[in-house]
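Reviewing the structure listed below.
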Amino acid sequence: MSEDPKWPRAASLISNQESQIAIIDIPASKTSISPTNAHLTPKAIRAALARYSTFSYATGQDLSTATIEDLGQISDPDSNEAETISRLAAANKELVIALGGDNSITYAAALGVLGQNLSDSRLVTLDAHHDLRDGISNGSPVRRLVEAGLNPKNIYQIGINDFSNSAEYAELARRLGINVISRQEVADIGIEAACRQALEGAAGQVFVDIDVDVCDRSVVPACPASAPGGISAFELRQAARILASNKEVVGMDITEIDASKDSEDGRTVRLGALVVLEIVAGYGLRQSGN
């Protein structure tokens, strides 16, 4: 790539310098319901950041003065959830971005940043699926968090899609009191209203799970469970920025991209990199009081 001192690359934002916003790689993939190489994705997203600048035209923000503290990588996260929890708890940052890996990382990442007392905490998911399955897998983190003490009435799921969940799991979500803003409702009210609704009245800290398979399959071919008719790449980016701008949001993950299955143009991984930048931009809006 050519270099231009007047065009700083977004990859330069990540450094070892201390900051209140941090990033960590959690390359889990071994317990996925379908075979995946999602463990390759954190490094791929970091590399893709070099393709983008630090300037947000929509908000007029130049992120070049921002720093994302690099917290490194969790080694063998599938077998070492305790390390994920302890590392994130010890980080004590205003906002942590966790790069997956499959969706199983949401359980340990959320516990790490929210702490063991989950009674007042909130989980917001951008996902086509409820993730209430039995066992330990990328289909079970929401159920596991409920079992760990998260009040299901404090769970908001944005983008739940048709023909992506069973009737039994949908009924379980209803019975638990989980708040669902379906894909159809997002189309009706808009992604901004959906995000505001998910954050409204939050009394404690919030963790956001961004499962990229919430998007239309045409824009995320590297997400094994994505389906035609999901939300757009732009809606996902909007959601990431809006949610990150709320000061109660203390952790966000990006999951379910299998970098080895991406299209030749790398569109899914590139979207993951842009979601990182939208999160940083949202955090900057938080700092400026917007």
Q.
Antiparallel versus total DSSP beta bridges in the chain: what percent is that, nearest 5?
A. 10 percent
Q) Under the Karplus relation 6.51 cos²θ - 1.76 cosθ + 1.60, θ = phi - 60°, what is the ordered set of whole-Hz ³J(HN,Hα) values for segment 177-192, x standing for Gly and Pro? A) x, 5, 8, 10, 10, 5, 4, 5, 5, 4, 5, 6, 9, x, 5, 5
Q) Rounded to a whole number, what is D in µm²/s for segment 1-157 from Stokes-Einstein with the Kirkwood radius over alpha-carbon pairs (25 °C, 0.890 mPa s)? A) 145 µm²/s
Q | Over 17 Å [Cα-Cα, segment 187-229], rounded percent | A | 50 percent
Q) log10 I(q)/I(0), Debye, Cα-only segment 128-269, no solvent, q = 0.18 Å⁻¹? A) -1.11
Q: Using a/c under 1.5 as the rounded threshold, could you call segment 17-94 rounded, prolate or oblate? The axes a ≥ b ≥ c are square roots of the C-alpha gyration tensor eigenvalues, and prolate needs a/b larger than b/c, oblate otherwise.
A: oblate
Q.
Under 10 Å, Cα contacts only: if you run a Gaussian network model on the chain, which one of Ser86, Ser226, Ser34 comes out with the highest mean-square fluctuation?
A. Ser34
**Q.** Degrees, to the nearest 10: 267-288 long Cα axis against longest axis of the chain
**A.** 80 degrees
(Q) So if I place +1 on the C-beta of Lys and Arg and -1 on the C-beta of Asp and Glu, and nothing else carries charge, what would the dipole magnitude of the chain be about its Cα centre? I want it in debye, nearest 20. (A) 320 debye
Q. Relative to the longest principal axis of the chain, what angle (0 to 90°, nearest 10) does the C-alpha long axis of helix 105-114 take?
A. 80 degrees
Q. Is it possible to state the helix-based mean residue ellipticity at 222 nm for the chain, with each DSSP H run of 4+ residues giving -39500 (n - 2.57), the sum divided by total residues, to the nearest 500 deg cm²/dmol? What is it?
A. -10000 deg cm²/dmol
Q: Considering Cα pairs under 8 angstrom that are at least six residues apart, work out the relative contact order of the chain and quote it in whole percent.
A: 21 percent
Q. Can you give the convex hull volume of the alpha carbon atoms of the chain per residue, in Å³?
A. 120 Å³
Q. Relative to the longest principal axis of the chain, what angle (0 to 90°, nearest 10) does the C-alpha long axis of helix 81-91 take?
A. 50 degrees
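Across every pair of different alpha-carbon atoms, what Kirkwood hydrodynamic radius in Å does segment 222-290 reach?
Over segment 222-290, the inverse of the mean reciprocal pair distance is 12.9 Å.
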Q.
I'd like the projected area of segment 70-186, averaged over all directions, using the convex hull of its alpha carbons. Report it in nm² with one decimal.
A. 7.5 nm²
Q) Which of Ala225, Ser260, Ala244 sits farthest toward the positive end of the charge dipole of segment 10-288, with +1 on the Cβ of Lys and Arg and -1 on the Cβ of Asp and Glu? A) Ala244
Q) Hey, in the GNM for the chain with a 10 angstrom Cα cutoff, which one of Glu83, Glu168, Glu248 fluctuates hardest? A) Glu168
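Every number here is computed from the coordinates shown, using simple stated rules; none is lab data. What you see is a predicted model; the values in this text were computed from it and never measured. For neighbour counting, all protein chains shown are included, and Cβ atoms are generated from backbone atoms with ideal geometry for every residue, glycine included.
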